[in-house]
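Working notes for the structure below.
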Amino acid sequence: MLIRISLILAIIAGLAVGVLNFTQIKDKITTLQKDLKEQTDLKVKALTELAATKKDLDKTTAELKQTKTTLEATIKERDTAVATATEATTRANKLNDDLNKTRTERDDAQREVAAFRASGLTPEQALNAAKQIKGLQDSLAGSQEENTLLGKRIKKLDADLAFYRDPSKTIELPATIKGKVLVSDPKWHFIVINAGEDQGVVEHGELLVNRDGKLVAKVIVSSVQKDRCVANVMNGWQLGEIYEGDVVTPAHPKS
């Protein structure tokens, strides 16, 4: 009897435990199902949002590509417009310069016409007068050139006369004369200098030959040309060998 009672109690306890476990498992299953549903809903939501985001991204990418294309086209149009504007500005400046030049020529022509009319000359008389003026101008230019040559000739004759009258008298030369030795002949003791009549050199003028600030020789001019002269080394004044490129200055510069 005791065994039955124990067996029944054991069965009842087992059933109670089974019922308790079933209840707990049911609660866990319910919780898991709820969690699974929430996770599923979240995943579906995330996938939906992801699809929407991808769609928006594709749309944005397409818009960005279109914007880039539009921007490149706009930049190209701007560069073309700038080039066109620059060309137009250059052309306008040229036209303005041409216009100013034309206006100046027109004004000069109007002044010439006014002067012609005021002179009371006929066209033939004006032409003859212009020819006469041109002839006089040419004659004047020739006379000026002749005077220049005569002046140089007179200067040479004065130097020669002064030298023959008193060989010991020094001939002053322009202080601005500064030449270089082009040719040096140590055998015949003469040099060629790249300074002549145009620089104020005259015959019998004395020159100093220097190198690095030291006196090399003293020479006297024997002949003069337009842009060069020939000079001979003076006795007792050969202090060293003269080389091409040595500097030449007046021995007696004008003050």
Cβ pairs under 7 Å, 6+ apart, first in the stretch 195-213 and within 16 Å of Asp227 (Cβ to Cβ), second among the β-branched types (Val, Ile, Thr) and open to solvent by 20 Å² or more (accessible area, probe 1.4 Å): Gly196/Val224; Glu197/Val224; Val201/Val224; Val202/Ile171; Val202/Val224; Glu203/Val224; Gly205/Ile171; Leu207/Thr249
Filter result for Leu173 (of a type in the set (A, V, I, L, M), modelled with pLDDT under 95 and either at positive phi or exposed (fewer than 15 other Cβ atoms within 10 Å of the Cβ) (or both)): no
Count of the stretch 203-223 residues which are buried (at least 19 other Cβ atoms within 10 Å of the Cβ) and either part of a strand (DSSP E or B) or polar (S, T, N, Q) (or both): 6
Hits in the stretch 44-79 - residues which are open to solvent by less than 80 Å² (accessible area, probe 1.4 Å) and under 33 Å from the mean Cα position of the chain (by Cα): Thr74, Ile75, Asp79
Scan of the stretch 224-243 for residues that are surrounded by fewer than 14 Cβ atoms within 10 Å (Cβ to Cβ) and among the basic types (Lys, Arg), ordered by number: Lys226
Residue tally, condition open to solvent by 10 Å² or more (accessible area, probe 1.4 Å) and not in a loop (DSSP other than H, G, I, E, B), over the stretch 185-202: 6
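The values are calculated or read from the model by the stated rules, or taken from the named source; none is laboratory data. These numbers were taken from a predicted model, which means no experiment stands behind them. Ideal geometry is used to build each Cβ from the backbone, glycine not excepted, and the neighbour counts take in all protein chains shown. Areas reflect the complete protein model, heavy atoms only, side chains present, ligands, DNA and RNA absent. Shrake-Rupley method; radii C 1.70, N 1.55, O 1.52, S 1.80 Å.
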